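Below you'll find the structure, written out as structure tokens, and then a few comments.
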Amino acid sequence: MALGKVYSFGPTFRAEKSKTRRHLTEFWMVEPEVAYATLDDVMELSEGLITFIVKRCLEKRRADLQTIGRDIAKLEKIDMPFPRITYDEAVKMLQEGFAKGALENKFEWGGDLGSPDETYLSAQFERPLCVDVLAPEGYGEIIGGSQRMASHELLLQRIHEHGLPEEAFKWYLDLRKFGSVPHGGFGMGIERAVAWICGLEHVRETIPFPRTLHRLYP
């Protein structure tokens, strides 16, 4: 908070037993965090970051992208602002997709979006979908972000509602105990972003030594 705008960049470890073309046990993530930021500010920042990366890749690595067979025309369409849809709109689209036979399971309101849901939604757009940011062409989520809860009382209420141990969150609660400000941030998975920009089938193709569920060593 005191620094205003900060970020970290480093390895992140995934505890879930995910085994899909979009998951690694260890991946790299860049995480900006901004004080005095609303959700709209977070979305604008994430859109700007992705747009900049894509344009710089086209500027500096166009020949490389063409060599690996990437459709450059699709990347040239990436620009701000990104399409934005509400949760209700996403649910409607997923239920319509199920009715058409494009999805195996019917999505019910209140559920969390899974990989098939994100893939289906992102395939309906030519530009990334914000926020969470879903890359187009069916690549799904590359950024997860939010405006953080600034109220000590509301945060404590949510902890109790979910039956979580208050003591485990003491340090986090203390950050808000004597007042806070609106703030937010996001995390961008580097390998997923690279997979989308390069048009790669599997995220393990984006990292020299991929760690997966049953493979920790090269």
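Suppose we keep only residues that are of a type in the set (A, V, I, L, M, F, W, C) and within 18 Å of VAL54 (Cβ to Cβ) within the range 74-115. Which one would you say is most open to solvent (accessible area, probe 1.4 Å)? Applying the filter and picking the extreme gives MET80.
PHE178 meets each of the listed conditions (1) farther than 27 Å from ARG84 by Cβ; (2) surrounded by 13 or more Cβ atoms within 10 Å (Cβ to Cβ) apart from (2). Look at the range 61-90: where a residue is among the aromatic types (Phe, Trp, Tyr) and a partner is open to solvent by less than 50 Å² (accessible area, probe 1.4 Å) and modelled with pLDDT of 95 or more, sitting 6+ places away or on another chain with Cβ atoms under 7 Å, you get PHE82/GLU47.
Taking the conditions exactly as written (hydroxyl-bearing (Ser, Thr, Tyr), closer than 18 Å to GLY199 by Cα and exposed (fewer than 11 other Cβ atoms within 10 Å of the Cβ)), does THR67 satisfy them or not?
Details: hydroxyl-bearing (Ser, Thr, Tyr): yes; closer than 18 Å to GLY199 by Cα: yes; exposed (fewer than 11 other Cβ atoms within 10 Å of the Cβ): yes.
So THR67 passes the test.
Residue check: LEU156 meets all listed conditions (1) under 23 Å from GLU47 (Cα atoms); (2) in contact with an Asp or Glu (Cβ under 8 Å, 6 or more places away or on another chain) but one, namely (1). Of the residues screened, THR38 is one that is more than 13 Å from ILE197 (Cβ to Cβ), touching a residue at least 12 places away in the same chain (Cβ under 8 Å), surrounded by 12 or more Cβ atoms within 10 Å (Cβ to Cβ) and among the hydroxyl-bearing types (Ser, Thr, Tyr). Against the numbered list (1) within 21 Å of TYR139 (Cβ to Cβ); (2) among the polar types (S, T, N, Q); (3) in contact with a strand residue (DSSP E or B) (Cβ under 9 Å, 6 or more places away or on another chain), THR20 comes up short only at (3). The single condition among (1) under 15 Å from the mean Cα position of the chain (by Cα); (2) farther than 30 Å from VAL181 by Cβ; (3) exposed (fewer than 13 other Cβ atoms within 10 Å of the Cβ) that ARG22 does not satisfy is (3).
The values are calculated or read from the model by the stated rules, or taken from the named source; none is laboratory data. Keep in mind that what you see is a predicted model, and the values were worked out from it rather than measured. Note: ideal-geometry Cβ built from the backbone for every residue, glycine included; neighbour counts use all protein chains shown. The accessibility values were calculated without ligands, DNA or RNA, using every heavy atom of the protein model including side chains. Shrake-Rupley method; radii C 1.70, N 1.55, O 1.52, S 1.80 Å.
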